[in-house]
Amino acid sequence: MRYMLMICDDESDGRGPLELVGDPGHVAWIDYLDRRGIAFLDGVRLRPSTDATKVQSRNGETLVSDGPFVEAKEQIGGFALIECAHLDDAIEAAARHPFARHGVVEVRPVWDE
């Protein structure tokens, strides 16, 4: 089954994707997935919430606003798409993600039909 790991943090870690590729914590996490037979299908680091654009469609009108939009400590900073046999495996993978140490990793099954 495929699971989306939504990486939520307080945006204090301003490293971009190229800086994270060689990060020892991220390298160890990918190695862990490989050892456990969990497929890393895709993942990206998102730009900060201040770069977001909100789009709404109401009564035939499109409303566009600059971000950020959520009054919360944690913002979605990226995602990882994995494939594994059981939810328990996805939870363990989320717990070992480097950003889980200071943020939140939400695990959500992908709706496969």
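Do we find that LEU33 is out of contact with any helix residue (DSSP H, G or I) (no Cβ under 8 Å at 6 or more places or on another chain) and closer than 25 Å to MET1 by Cα in this structure? No.
With a requirement of 3 or more residues that are open to solvent by less than 50 Å² (accessible area, probe 1.4 Å), the strands (runs of 3 or more DSSP E) lying completely within the stretch 1-94 that satisfy it span 2-9, 75-83.
The values are calculated or read from the model by the stated rules, or taken from the named source; none is laboratory data. Note that this is a predicted model, so its numbers are computed, not measured. Counting neighbours? That spans all protein chains shown, and the Cβs are built from the backbone with ideal geometry, glycine included. These area figures cover heavy atoms from the full protein model, side chains too; ligands, DNA and RNA do not enter into them. Shrake-Rupley method; radii C 1.70, N 1.55, O 1.52, S 1.80 Å.
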